[in-house]
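Report on the following structure.
The values are calculated or read from the model by the stated rules, or taken from the named source; none is laboratory data. Just so it is clear, the model here is predicted, and its values are computed rather than measured. Here the Cβ is made from the backbone with ideal geometry for all residues, glycine too, and neighbour counts use every protein chain on show. These area figures cover heavy atoms from the full protein model, side chains too; ligands, DNA and RNA do not enter into them. Shrake-Rupley method; radii C 1.70, N 1.55, O 1.52, S 1.80 Å.
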Amino acid sequence: MSLYTILIAPFAEYGFMTKALLGCILLSLSSAPLGVLLMLRQMSLMGDAMAHAVLPGVAVGFLLGGASLPLMSLGGFVAGVMIAVLVGLATRSTTLKEDANLAAFYLMALSLGVLLISLKGNTVDLMHLLFGSVLAVDDASLRLMAGVSSFTLITFALFYRALLTEAFDPVFLRSVCNRSGVFHLLFLVLVVVNLVASFQALGTLMAVGLMMLPAVASRFWAQGFAPMMLVAAGFGLFASTAGLLLSYHINVPSGPAIILSAGVIYLISLLFGRFGSVRARYFPFKHLNQ
Amino acid sequence: MGCDGRGFVMSLVFHNLTVGYDRHPAVHHLCGTLKDNSLTAIIGPNGGGKSTLLKAIVGLLKPLSGHIQKTGRCQVAYLPQVTEIDRSFPVSVFDTVLLGFWPVCGLWRGITRHQRHEALQALEAVGMESFAARPISALSSGQFQRVLFARLMVQNADVFLLDEPFAAIDSRTTVDLMQVLINWHQQGKTVVAVVHDLPQVKALFPEVLLLARECIAWGPTPAVMTEDNLRKADGLARQWHDHGEVCAA
């Protein structure tokens with residue numbers, strides 16, 4: 001068995017593998033850098049919650065149009081943004097903290113989503129929505145992913161300064177700019193559209209895996225914000241390729257294989273990373289003599 | 001020198017201002033004028049509304065009633081109490097200072113060489129120039145406070161509002177940063193700081209606002225910091241710890 005048959009042939013010879021890989025590349029390029037921002041805002045778990053929050057919308061789309069991608073995506077987007085706004089409102093007008101409100105809302109959303117799907121669909125449909133099927137990515141969903149990925153990267157380029165400042169020192173931004181709330185909302189919209197774009201491939205539950213795991217791992221290898229985003233995107237690409245190959249060769253479900261590959265990258269980074277890892281802590285390089 | 005180029009004198013006037021959270025006003029019916037080019041210390045017991053008042057001036061909190069009238073164009077720079085900034089954030093000391101140019105640069109405008117120079121000078125003024133390239137995670141809290149002061153400097157504001165700028169900071173840093181405040185004052189800026197060190201207030205701040213939910217006294221330091229006034233503030237603080245009552249006014 002040559003390297004070609006192991007690494008290249010699966011993608012070259014099967015159209016569904018090519019599309020799966022392309023989809024994963026698109027998702028990695030936008031989701032992973034976004035994950036870095038989530039992590040830096042100490043909102044790593046928020047991505048998880050938002051991934052659940054899109055489910056009732058996806059379910060409504062599913063009830064209205066069957067497994068139609070545009071309807072389910074639109075539904076997911078509306079539901080995600082609605083939950084984000086509701087959580088924001090609840091946090092601002094009560095004494096409860098954001099994470100508590102988010103937990104309450106996403107739990108309701110998840111249950112509502114499962115309930116709605118079971119009205120019409122069966123367990124197979126539910127499993128599909130929760131865990132996705134990257135090998136069934138078609139042209140329509142590829143176009144959606146390409147659109148979302150471009151939108152995310154362009155938005156990042158345009159509002160880099162604002163998004164970064166809002167994450168770093170929101171009180172400062174509010175004191176010098178009276179539209180800072182807009183940037184927070186913009187950021188939430190980015191999170192939601194990325195989750196919606198990846199739910200088809202990875203399902204609502206695993207979409208967040210490709211967003212957060214490479215991002216969290218990148219922290220162990222880079223110190224600046226831009227390098228972190230690059231490393232995260234690279235890890236995302238590597239994990240998706242490895243996961244797809246794994247699923248092809250040993251015949252396991254591709255979504256979990258991708259996320260677990262990213263998980264392995266995270267564990268290796270945690271142990272041996274350049275900054276703040278177990279290695280750096282217990283076996284540090286010689287310190288500077290000053 | 002006011003902040004308004006047309007020769008109007010900048011001032012902040014409080015009209016019967018009440019600010020607070022959820023029916024519990026922290027500042028009650030405050031009236032008065034924050035004069036242009038004044039150096040004012042806000043003192044008073046914990047829970048007396050000092051931070052709340054600053055937040056209201058910055059616009060982070062909406063008044064429950066009354067209003068703040070701003071005359072002249074006045075750029076406000078604000079240093080919050082024990083900042084909520086996550087110091088493990090991957091940003092360098094220099095970039096942190098450059099953020100102070102936000103009012104000029106906004107979303108897209110690039111940083112000019114002149115501004116870089118200005119930022120370095122600000123770091124030099126707080127004794128942090130050799131740290132410019134370091135990540136902020138490498139700083140102690142006192143050093144980080146110095147960096148935040150450098151950021152305030154480049155903001156080139158007309159009014160500086162500082163909430164307990166010297167809390168948790170060693171005495172040498174306090175002396176250095178106090179000098180920064182005095183320089184701003186000498187440059188014609190308006191400076192307001194919440195301070196707990198009463199001897200420091202007596203020695204260095206010409207004006208004092210004594211706040212214990214309501215304004216106990218406001219004016220020249222010797223006139224405000226009398227035994228009587230301080231005792232009154234203390235008494236009020238003890239009262240509101242026991243029971244809150246519906247405001248009659």
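Helix-only estimate, please: 222 nm mean residue ellipticity of the protein assembly as shown, summing -39500 (n - 2.57) across DSSP H runs of length 4 or more and dividing by its residues, to the nearest 500.
Theoretical 222 nm ellipticity from helices: -19500 deg cm²/dmol.
Let me know the charge dipole size of the protein assembly as shown about its Cα centre in debye, to the nearest 20, where only the beta-carbon of Lys, Arg (+1) and Asp, Glu (-1) is charged. Before the final figure, lay out the partial values.
Working: 36 positive and 31 negative charges, 111 e Å.
Charge dipole of the protein assembly as shown: 540 debye, to the nearest 20.
Rounded to the nearest 10 Å², what accessible area does B:T83 show when all protein chains are kept and the probe is 1.4 Å?
So the heavy atoms of B:T83 present about 30 Å² to solvent.
Say each of B:N16 and A:A90 gets a label point 7 Å from the Cα, pointing the same way as Cα to Cβ; how far apart are those two points in nm?
Placing both labels 7 Å along Cα→Cβ, they lie 3.8 nm apart.
Test of understanding: given chain B, find the longest segment containing no chymotrypsin sites (Phe, Trp or Tyr not before Pro) that are in a DSSP loop and have at most 14 other Cβ atoms within 10 Å. Walk me through the numbers before you get to the answer.
Numbers: sites that count: B:F8, B:W108.
The segment B:109-249 is the longest one with no such site.
What nm value, rounded to one decimal, do you get for the distance between B:K35 and A:D99 when each label is placed 7 Å out toward the C-beta?
4.9 nm
Which part of the stretch A:8-23 falls in the paramagnetic zone of A:A146, meaning amide N under 13 Å from the point 7 Å along Cα-to-beta-carbon?
The answer is A:19, A:22-23.
How many Cβ atoms of partner chains, on average, are near each residue of A:161-169 if near means within 10 Å of its Cβ?
5
Suppose R0 equals 56 Å; then what is the FRET efficiency for A:A67 and B:A223 from their Cβ-Cβ distance, rounded to the nearest 0.05?
Between A:A67 and B:A223 the formula returns 0.10.
Could you state the number of Å between the C-alpha centres of the stretch A:188-210 and the stretch B:56-76?
41 Å
Taking square-rooted eigenvalues a ≥ b ≥ c of the alpha carbon gyration tensor, is the stretch A:166-240 rounded, prolate or oblate, where a/c under 1.5 means rounded and, failing that, a/b exceeding b/c means prolate?
oblate
Note down the accessible area of B:E118, probe 1.4 Å, to the nearest 10 Å².
So the heavy atoms of B:E118 present about 60 Å² to solvent.
Using a basic spin-label model with each label point 7 Å from the Cα along Cα→Cβ, how many nm lie between A:A157 and A:Q223?
Placing both labels 7 Å beyond Cα along the Cβ direction yields 2.9 nm.
Between B:T83 and A:M1, what's the calculated FRET efficiency when r is the beta-carbon distance and R0 is 60 Å? Round to 0.05. Mind dumping the intermediate values first?
Values: r = 58 Å, r/R0 = 0.97.
The formula returns an efficiency of 0.55 here.
When we measure straight from the Cα of B:K70, which lysines land under 22 angstrom away, once same-chain ones fewer than 8 places off are left out?
Leaving aside lysines fewer than 8 places away in the same chain, those within reach of B:K70 are B:K35, B:K50, B:K55, B:K62, B:K189.
List, largest first, the extents of the alpha carbons of the stretch B:106-220 along their principal axes, each in whole Å.
For the stretch B:106-220, the Cα spread along each principal axis is 47, 29, 25 Å.
Across peptide A:172-183, how many C-beta atoms of other chains are within 10 Å of each residue C-beta, on average?
For this peptide, the per-residue mean of nearby foreign Cβ atoms is 5.
Nearest 0.05, what FRET efficiency do B:H67 and B:R113 give at R0 = 41 Å with Cβ-Cβ as r?
Efficiency, rounded to the nearest 0.05: 0.45.
Using alpha carbons only, how many degrees (0 to 90, rounded to 10) separate the axis of helix B:113-125 from the longest principal axis of chain B?
In chain B, helix B:113-125 runs at an angle near 60 degrees to the longest axis.
For chain A, what percent of Cα pairs sit more than 36 Å apart? Display every interim value, and only then the final one.
Details: 7181 of 41905 pairs.
Above the 36 Å cut-off, chain A has 17 percent of its Cα pairs.
In nm², what is the average projected area of the convex hull enclosing the Cα atoms of the stretch A:153-278?
8.7 nm²
How large is the accessible surface of A:D125 in square angstrom, using a 1.4 angstrom probe and rounding to the nearest 10?
It works out to around 50 Å².
With unit charges on the beta carbons (Lys and Arg positive, Asp and Glu negative) and the dipole taken about the Cα centre of the protein assembly as shown, which residue among A:F220, A:N122, A:G15 sits farthest to the positive side?
Checking the options against the dipole of the protein assembly as shown, the answer is A:G15.
If you average the alpha carbon positions of the stretch A:221-290 and of the stretch A:137-179, how far apart do those two centres end up, in angstrom?
Using only Cα atoms to place each centre, the spacing works out to 24 Å.
Top to bottom by accessible area (1.4 Å), largest first, where do B:K50, B:K62, B:K232 land?
Details: B:K50 10, B:K62 175, B:K232 110 Å².
So, going from the largest accessible area down, we get B:K62, B:K232, B:K50.
For a distance above 22 Å, tell me the whole-number percent of Cα pairs in the stretch B:160-236 that qualify.
25 percent
Which of B:I68, B:I111, B:I85 moves most in a GNM of chain B, Cα contacts under 10 Å?
B:I85
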